[in-house]
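Read-outs: derived from the displayed coordinates by stated rules, not from any lab. Since we're looking at a predicted model, the values are computed, not measured. Cβ coordinates were reconstructed from backbone atoms using ideal geometry, including for glycine residues, and neighbour counts include every protein chain displayed.
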Amino acid sequence: MQNENETAHWVRTRNLMFVMLGMWIFFSFIIHMFVHTLNKIVILGFPLGFYMAAQGSLIAFVAMLFWFAKAQDKIDREHGVAEED
């Protein structure tokens, strides 16, 4: 039987995974569904739809990876299951 700390750790980890999954779906599919509408907005001479397809989503994924690692490490440390450096 799990104790309260293990249960709280899993709940926070699961919630973080759901947030990351939602963000991944948004940047992978939702943004690209509106590419023609986004192309009406021009940033630095490039249509926003093109930018999001070529660079924006990739930048978002890399930022998400770093944010996820930091957030998961914080959760692990708060619940005493972190790997030591």
Seminar exercise, completed: GNM on the chain, Cα springs under 10 Å; top mean-square fluctuation among I31, I75, I41 goes to I41
Exercise. Does anyone have the angle between helix 4-25 and the longest principal axis of the chain? Alpha-carbon axes, 0 to 90°, nearest 10?
Worked result: 10
For this session: In whole Å, largest first, what are the principal axis extents of the Cα atoms in region 4-78?
Result: 52, 20, 13
Seminar exercise, completed: Measuring from the longest principal axis of the C-alpha atoms of the chain, the long axis of helix 57-78 (C-alpha) lies at a number of degrees, nearest 10, equal to 10
Seminar exercise, completed: Relative contact order in percent for the chain (Cα pairs under 8 Å, 6+ apart) equals 34
Exercise. Based on the Cβ-Cβ distance from V19 to Q55, what FRET efficiency comes out when R0 is 25 Å, to the nearest 0.05?
Worked result: 0.60
For this session: For region 37-44, take each phi angle, set θ = phi - 60°, evaluate the Karplus expression 6.51 cos²θ - 1.76 cosθ + 1.60, and give the result in whole Hz per residue in order, putting x for glycine and proline.
Result: 5, 5, 5, 6, 9, 10, 10, 6
For this session: Would you calculate a helix-derived [θ] at 222 nm for the chain, using -39,500 (n - 2.57) for each DSSP H run of n ≥ 4 and dividing by the full residue count, to the nearest 500?
Result: -19500 deg cm²/dmol
